[in-house]
Amino acid sequence: MLTKLLHQLAARPWVYDQIQNIVGLKRVVKRLSQAIAPLSPKVIVDVGGGTGKVRNLFGSDCRYVCLDLELPKLADFRSKVPDALAVLGDATSMPIIGCCADMVICKSVTHHFSDLMLEQVLDESRRVLRAGGHMIVLDAIINRQRLAGRVLWRLDRGSNPRTEEDLRERLESRFEIVHWEKFAIYHEYVLGIGVRP
């Protein structure tokens, strides 16, 4: 009951952003920023982009598409960035034309997908990417040895935490991996960059 109430509170944009800050989002985004800085994408699709926190990693000349299933988060993003493109849609069947994006970002969202859904999201990401485009996967991974991670996983709405090996294998089945790293804040994280052949 308490967990359900916490999940309902976390769905509110301001609360969601505060929770993300508490669990180390700024450090995670800094790591992401360093990894993608040399890539210079012009069209970016942010899968499960929520309130669009990574928009500021890209120049104003980039076309940033924030794709999410939660309208309140997208509305919050639009209120802060009025000319932004916020798309209410399902990542397993993206309402985006094929071969249009230079980069797809899947940050802190893979643990919300069932195995089948994750396969569909990766297929859709490959579909919307241009040849040579970059697929970015950044998410917490499960490590039962880390107390902070175990506590955070119990509170998280995502019910499908994965191992580093599992995420890498799924990414490798569709993309050529050009960067892979593991790091820790409270959770352990992986940051993988794949290229669409």
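From the residues in the range 183-196 that are at pLDDT 95 or above and either out of contact with any helix residue (DSSP H, G or I) (no Cβ under 8 Å at 6 or more places or on another chain) or more than 19 Å from Val128 (Cα to Cα) (or both), which one is surrounded by the fewest Cβ atoms within 10 Å (Cβ to Cβ)?
Among those that are at pLDDT 95 or above and either out of contact with any helix residue (DSSP H, G or I) (no Cβ under 8 Å at 6 or more places or on another chain) or more than 19 Å from Val128 (Cα to Cα) (or both), it is Val195.
Given (1) in contact with a Gly (Cβ under 8 Å, 6 or more places away or on another chain); (2) part of a loop (DSSP other than H, G, I, E, B); (3) modelled with pLDDT under 95, where does Arg174 come up short, assuming only one miss?
Against the list (1) in contact with a Gly (Cβ under 8 Å, 6 or more places away or on another chain); (2) part of a loop (DSSP other than H, G, I, E, B); (3) modelled with pLDDT under 95, Arg174 comes up short only on (3).
Scan the range 154-171 for residues that are farther than 19 Å from Leu32 by Cα and at pLDDT 95 or above and jot them down.
Glu165, Asp166, Glu169, Arg170
Would you check which residues across the range 121-134 are within 14 Å of Leu67 (Cβ to Cβ), in contact with a helix residue (DSSP H, G or I) (Cβ under 7 Å, 6 or more places away or on another chain) and aliphatic (A, V, I, L, M) and list them?
Across the range 121-134, the qualifying residue is only Val121.
Just the residues that are assigned to a strand (DSSP E or B) and either under 14 Å from Thr163 (Cα atoms) or more than 15 Å from the chain's Cα centre (by Cα) (or both), please, taken from the range 128-140.
Filtering the range 128-140 down to residues assigned to a strand (DSSP E or B) leaves 129-140.
Of everything in the range 128-140, those that are assigned to a strand (DSSP E or B) and either under 14 Å from Thr163 (Cα atoms) or more than 15 Å from the chain's Cα centre (by Cα) (or both) turn out to be Leu129, Arg130, Ala131, Gly132, Gly133, Val137, Leu138, Asp139, Ala140.
Just to be sure I understand the filter: pairs with C-beta atoms under 8 Å, separated by 6 or more residues or on different chains, first member in the range 34-61 and farther than 11 Å from Ile105 by Cα, second member part of a helix (DSSP H, G or I) and acidic (Asp, Glu). Which pairs pass?
Final answer for the pair search is Thr51/Asp17; Thr51/Asp76; Lys53/Asp17.
I want to confirm something. Restricting to the range 40-62 and keeping residues that are of a type in the set (A, V, I, L, M) and assigned to a strand (DSSP E or B), which single residue is surrounded by the fewest Cβ atoms within 10 Å (Cβ to Cβ)?
Out of the qualifying residues, it is Val43.
Given (1) surrounded by fewer than 17 Cβ atoms within 10 Å (Cβ to Cβ); (2) modelled with pLDDT of 95 or more; (3) within 16 Å of the chain's Cα centre (by Cα); (4) among the hydroxyl-bearing types (Ser, Thr, Tyr), identify the lone condition not met by Ser125.
(1)
Return the residues of the range 63-84 that are buried (at least 16 other Cβ atoms within 10 Å of the Cβ), within 24 Å of Gln34 (Cβ to Cβ) and out of contact with any helix residue (DSSP H, G or I) (no Cβ under 7 Å at 6 or more places or on another chain); say none if nothing qualifies.
Listed by number, the residues that qualify are Val65, Phe77.
What residue, among those in the range 85-114 that are surrounded by 15 or more Cβ atoms within 10 Å (Cβ to Cβ) and in contact with a Lys or Arg (Cβ under 6 Å, 6 or more places away or on another chain), is farthest from Leu171 (Cα to Cα)?
Ala86
Please go through (1) in a helix (DSSP H, G or I); (2) of a type in the set (A, V, I, L, M, F, W, C); (3) farther than 15 Å from Gly194 by Cα; (4) modelled with pLDDT of 95 or more for Val151 and return the number of the only condition it doesn't satisfy.
For Val151, the exception is condition (4).
Just give me the residues in the range 88-120 being in a helix (DSSP H, G or I), touching a residue at least 40 places away in the same chain (Cβ under 8 Å) and over 15 Å from Asp68 (Cβ atoms), in sequence order.
His111, Asp115, Leu118, Glu119
Filter the range 29-54 for residues that are at pLDDT 95 or above and charged (D, E, K, R) and give the result.
Lys42, Asp46 - these are the residues of the range 29-54 that are at pLDDT 95 or above and charged (D, E, K, R).
The values are calculated or read from the model by the stated rules, or taken from the named source; none is laboratory data. For clarity, every value in this text was computed on a predicted model and none was experimentally measured. Counting neighbours? That spans all protein chains shown, and the Cβs are built from the backbone with ideal geometry, glycine included.
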